[in-house]
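Trainee: Could you have a look at this structure, given as structure tokens, before my questions?
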Amino acid sequence: MALSFFSKLKEGLDKTRKGITDKIDDLFNNYGEIDDELFDELEEILIMADVGMNTSMKIIERLREELKVRKVKDSREIKSVFKDVVEKLLDENNNVPFEVGTGPTIIMVIGVNGVGKTTSIGKIAYSLKEEGKRVLIAAGDTFRAAAIDQLKIWGDRVGVNVIHQSEGSDPAAVIFDAVQAAKARNADVLICDTAGRLHNKVNLMNELAKVFRVIEREYPEAKKEVLLVLDATTGQNAIQQAKVFNEAAEISGIVLTKLDGTAKGGVVLAINSELSIPVKLIGVGEGMHDLQKFDAHDFVEALLD
């Protein structure tokens, strides 16, 4: 029997749940009276799960206030209040879900090499095609031959055409061709891959700026979505990557991959709180359906149930 989306989410967060929830349950169930030491221990659990110092302190502060408001005195009653605090924090920046409506849409996908960018593009293309959208992919990462080949494999797998040139071609020229193809074929969605050589930051930023100019000039009426792909297993490094990319592009959403492979999925909270960019899609497995739309309530329930 196929697992429901929620069951897959819960299964995918298993490592993180063991890293956070089991420890939190143990703390709340066995502590008794609420005091500063309990909050110190809770903060340590959160930091160890890559929630980050600033976000952990924010959560603790809000939890203290909410416990006072609700007049909670027994540590065993904290869990439900804690869940509400975390969900409210996630809701603050995640009120714009990943949706492709009517009219042409261009999705720019950015991120460093190795984070799961190509796989995410394939899975996004698959899910949009399942919704009945006409989808095209542009292989704009021309500096890595494997990136072009991988996208072509994904295109064949999901039945989506991939616009590409040879390795080393000008990425902006590939995107130009892809935009013309999208207009000519009346595509609903054009998904554009981009290079991810963060070690060569200035060149990368200039290249992205050039690609954005081409899109704006050639297809100004298309809706634009800029998705940054981050690898959850890299923890706080993911936040640093996001800060750098945010200098070059107006990121509209985060795709957080490999959440099933880490015990430190608390980085979702850190990304949400520190970057003020919505997490729109999360990867909780290898399967075609395992890139899910992010929902704060479902995430908190699956993580802290």
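Trainee: Which pairs do you get when a residue that is buried (at least 21 other Cβ atoms within 10 Å of the Cβ), found in the range 287-301, comes within reach of a residue that is in a strand (DSSP E or B), reach meaning Cβ atoms under 6 angstrom, with the pair 6+ apart or on two chains?
Mentor: Sorted first by the residue in the range 287-301, then by its partner, the pairs are L291/L281; L291/G283; Q292/I282; F294/V279; F294/K280; F294/I282.
Trainee: Report the residue count in the range 112-162 for those that are under 21 Å from E286 (Cβ atoms), at pLDDT below 95 and assigned to a loop (DSSP other than H, G, I, E, B).
Mentor: The total comes to 5.
Trainee: With respect to V244, is the statement that it is surrounded by fewer than 17 Cβ atoms within 10 Å (Cβ to Cβ), touching a residue at least 40 places away in the same chain (Cβ under 8 Å) and of a type in the set (V, I, T) true?
Mentor: It is true that V244 is surrounded by fewer than 17 Cβ atoms within 10 Å (Cβ to Cβ), touching a residue at least 40 places away in the same chain (Cβ under 8 Å) and of a type in the set (V, I, T).
Trainee: Okay, next question. Pairs only if they're at least six apart or on different chains, beta carbon under 7 angstrom, first in the range 91-102 and more than 9 Å from K280 (Cα to Cα), second surrounded by fewer than 18 Cβ atoms within 10 Å (Cβ to Cβ); list them, first residue then second.
Mentor: N93/S276; V100/K133
Trainee: Still on this structure, I have one more. Which of the residues that make up the range 254-286 are assigned to a loop (DSSP other than H, G, I, E, B) and surrounded by fewer than 20 Cβ atoms within 10 Å (Cβ to Cβ)?
Mentor: Of all residues in the range 254-286, those assigned to a loop (DSSP other than H, G, I, E, B) come to 258, 262-266, 276-278, 284-286.
Within the range 254-286, A263, S276, G285, E286 qualify.
Trainee: Do any residues in the range 19-39 that are closer than 23 Å to G235 by Cα have Cβ atoms under 7 Å from those of residues that are in a loop (DSSP other than H, G, I, E, B) and of a type in the set (K, R), where the two are at least six apart or on different chains, and which pairs are they?
Mentor: G19/K264
Trainee: Provide a single number: the residues in the range 159-190 that are of a type in the set (V, I, T) and in contact (Cβ under 8 Å) with a residue 60 or more places away in the chain.
Mentor: Within the range 159-190, the subset of a type in the set (V, I, T) is 160, 162-163, 174-175, 179, 189.
Within this subset, residues satisfying the condition of being in contact (Cβ under 8 Å) with a residue 60 or more places away in the chain are 179, 189.
Of the residues in the range 159-190, 2 are of a type in the set (V, I, T) and in contact (Cβ under 8 Å) with a residue 60 or more places away in the chain.
Trainee: Residues that are of a type in the set (V, I, T), at least 3 per element: which helices (runs of 4 or more DSSP H) completely within the range 1-107 meet that?
Mentor: Values: elements: 5-12, 14-31, 36-48, 53-69, 78-93.
Fully inside the range 1-107 and qualifying: 14-31, 53-69, 78-93.
Trainee: How many residues are more than 13 Å from G140 (Cβ to Cβ) and either at pLDDT 95 or above or in a loop (DSSP other than H, G, I, E, B) (or both) if we restrict to the range 183-212?
Mentor: Going through the range 183-212, the residues more than 13 Å from G140 (Cβ to Cβ) turn out to be 183-189, 198-203, 205-206, 209.
Going one step further and asking which of them are either at pLDDT 95 or above or in a loop (DSSP other than H, G, I, E, B) (or both), we end up with 183-189.
Adding up the residues that qualify gives 7.
Trainee: How many residues does the range 191-202 hold that are touching a residue at least 60 places away in the same chain (Cβ under 8 Å) and either over 20 Å from L227 (Cβ atoms) or not aliphatic (A, V, I, L, M) (or both)?
Mentor: Within the range 191-202, residues that are touching a residue at least 60 places away in the same chain (Cβ under 8 Å) and either over 20 Å from L227 (Cβ atoms) or not aliphatic (A, V, I, L, M) (or both) number 5.
The values are calculated or read from the model by the stated rules, or taken from the named source; none is laboratory data. What you see is a predicted model; the values in this text were computed from it and never measured. Positions of Cβ are backbone-derived with ideal geometry, glycine not excepted, and every protein chain shown enters the neighbour counts.
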